[in-house]
Each structure stands twice: as C-alpha cells, then as structure tokens.
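Student: Below are the structure tokens for one structure; questions will follow.
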Amino acid sequence: MARLDEVLGSLLIGSFVNNVLFALEILAVLHFFRHPRNGDTLLLKGIILVTFLSDTLCTVAACAAVYLYTVTHWGEADYIQKQYWPLTTVVSCTALTALLVQSFLVSRYSALTKNWIVTAVLAVLILACFSGTIGTAVSIVTFSEVAQRHKAKVVAIIWLSTSAATDVGIACALVHQLLKMKSAFPKTSSTIHRLILGAVQTGTVPCILALASLITYLAHIQSNVPGAFAFCIGRVYALTMLYNLNFRTAFRRESVSFTSSRGPADSTTMTGVCFAPPSDVTQETTFHSSSHSSPRSVSIS
C-alpha cells in the first residue's frame, strides 16, 4: 500500500484546490447570468447551467470521498484499499463537463472557418476522450480494489491522452485561424494578439492537468496523486469557457469588422468573439486573411 500522504493527503489537497476553483466558477456563472447579452441563446445558457450542475455534483463527490476516507472510515485499512462511488461520480461528471465545453468550442470554430476536416478530427478526439472517461468510471466500479487499478490502464490512458490532444488541437486550430488575419492598425493587431493568448490559455491549463494526471498515474499506479489532478479538470474546463464568455465586453470596445465576399453570415459566438453581419457593426476596420484575397467581416461584441 502507498503511504498515507499519497493515498489520503493527495486527495485532501486536490479537494482544497477544487473547492477554490469551484468558488471562482460560482462567481463566473453569476456574472454570466447577471449580465445577459442579446446574442446569448437558450442553448448556450443551457450548456452553462448543465456544466455548472455537473461541476456542483463533482465537487460534492470530491468532498464526500475525502470525508469518507479521512473521517467516517479513518483507521480502517481495508476501506482505503478500495474505490467507491464518489470517485466514479467525479470521473463521470468530468466526462460530461469536458464533452460540453470541448463541443462548444469546436462548434464555434466550425461556424467560423467552415473547415469540416479539422472539425471532424476534433470531434473524433472529443468522442474518444468522452469514451475513455466513461470507460474509466466503469472500470472503477468493476475493479474497485486499488490493487486492480492496472486493469484500467488502457481506458485511463485513452481518457487522459485524448483529453490533452483535444485541448491542444482546439487551441492550435484557433491560433492558426487568428494568425491568418492581418491588420495594418495597431489596435486591431493588439486585439488579435489578445484573442490568440486567450485561445492558448483555453487549451494549455486543461492539457497540463491531464498530462500531470497521466504521468503520475503511470509512475505510481496505486497512488491517489492522479486523482488530485483529476478533481480539478472539470472546473478548469468550465472556467476557461466562462472566462471567454464573460470578457466579451472588454473586446467590444475594440470592435473589428471584416467585409466578406460571401455575404453576411449569421451571428455566432466563439470563445468570446461574436461573428456578425456587417450591418450589426458600429465600428469598422478592414483587414485581410492571408489565405484569402478578399477581406472577411467579423464583429467582436
């Protein structure tokens, strides 16, 4: 059996960090609903609500896991040799949150670029990640003994590796699209750089957590250190989406538009950027995408 620091201490620390992140998520959700925007659809609000409910259940389960191990069954050596319903709930809720957030970002990327090949690849990665996460949750129930964790190695590797790959893929796709946009105006260039930074941040933190959980899992499979990282993954996903949505107002001051030869497009939002018809734009600046000879029309609102 691993030391108590690795078995119980890691879960305790992970729950502390998770609670802090969940508190930030509560503030972000309240900000989102207290400052509604005309472009926010019922579907978007539903995604935010379901994500928040999923993270609430996940946080309750994480606290329950720590309480059961350290209080209710303290000193029972046999109890800490097994994995119980709270850990299964944490993994299942993480699967749902990741599915919602990643699908949201990919759908917005697809609406912007119409690049169906990249969208299809990212969709496959999302489904693989979701399948691996659910498979991990099922394996916790099937192989509840800590000594049997090696039997879940395949699905755990699929979950964490595809999670990291999906996050990196989404970030790279967004950055690639933004880098193709050129402007002769310093303020517009500054806005693009900020969008690129936001896209990188969106994928970096969840990716780091997934890789940290995977590495620690492979290094010491009977330790609960991977669980400490897994506790926080869902909250990080939700916070990155809420951060992008809540900070749209700051970008509105630097509203940018591009004139598209394809004609007006339906308004849609992707990671805090609203792409709208030229008639909805109040401040206009024209710049070209390096992959097209004609300008595009985009409004950041």
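The values are calculated or read from the model by the stated rules, or taken from the named source; none is laboratory data. Fair warning: this is a prediction, and the values are worked out from it, not measured in the lab. Here the Cβ is made from the backbone with ideal geometry for all residues, glycine too, and neighbour counts use every protein chain on show.
Residue-wise test of (1) modelled with pLDDT under 80; (2) closer than 19 Å to THR166 by Cβ.
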site	(1), (2)
VAL200	yes, yes
PRO206	no, yes
SER213	no, yes
PHE251	yes, no
THR268	yes, no
THR282	yes, no
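Student: Hey, another quick one. More than 21 Å from THR133 (Cβ to Cβ) and modelled with pLDDT under 95 - does that describe any residue in region 97-107?
Tutor: Checked against the condition, which is being more than 21 Å from THR133 (Cβ to Cβ) and modelled with pLDDT under 95, region 97-107 yields no hits at all.
Student: Another one. Hey, could you check region 1-33 for residues that are over 28 Å from ILE80 (Cβ atoms) and of a type outside the set (A, V, I, L, M) and say which is nearest to the chain's Cα centre (by Cα)?
Tutor: Residue satisfying both the conditions and the ranking: GLU25.
Student: Just need a number here: residues in region 67-85 that are crowded, with 20+ Cβ neighbours inside 10 Å and in a helix (DSSP H, G or I). Spell out the reasoning first.
Tutor: The first filter runs over region 67-85 and keeps only residues crowded, with 20+ Cβ neighbours inside 10 Å, leaving 69, 80, 83.
Filter again for in a helix (DSSP H, G or I), leaving 69, 80.
Counting residues in region 67-85 that are crowded, with 20+ Cβ neighbours inside 10 Å and in a helix (DSSP H, G or I) gives 2.
Student: Oh, and also: Residue by residue through region 27-52, note down the ones that are of a type in the set (Val, Ile, Thr) and surrounded by fewer than 14 Cβ atoms within 10 Å (Cβ to Cβ).
Tutor: THR41, VAL50
Student: Out of curiosity, is ASP55 farther than 26 Å from VAL225 by Cα and surrounded by 15 or more Cβ atoms within 10 Å (Cβ to Cβ)?
Tutor: On the way: farther than 26 Å from VAL225 by Cα: no; surrounded by 15 or more Cβ atoms within 10 Å (Cβ to Cβ): yes.
Criteria not met by ASP55.
Student: Which of the residues belonging to region 36-53 are among the basic types (Lys, Arg) and part of a helix (DSSP H, G or I)?
Tutor: In the first step, residues of region 36-53 are kept if they are among the basic types (Lys, Arg); the result is 37, 45.
Correct list: LYS45 only.
Student: Scan region 144-157 and report the pairs whose first residue is more than 15 Å from THR216 (Cα to Cα) and whose second residue is of a type in the set (Gly, Ala, Ser), with Cβ atoms within less than 6 Å and a gap of 6+ or a chain change.
Tutor: Pairs found: VAL155/GLY132; VAL155/GLY135; VAL155/SER139.
Student: Next question, about the same structure. Are any residues in region 134-171 in contact with a Phe, Trp or Tyr (Cβ under 7 Å, 6 or more places away or on another chain) and among the acidic types (Asp, Glu), and if so, which ones?
Tutor: Residues satisfying the conditions do not exist here.
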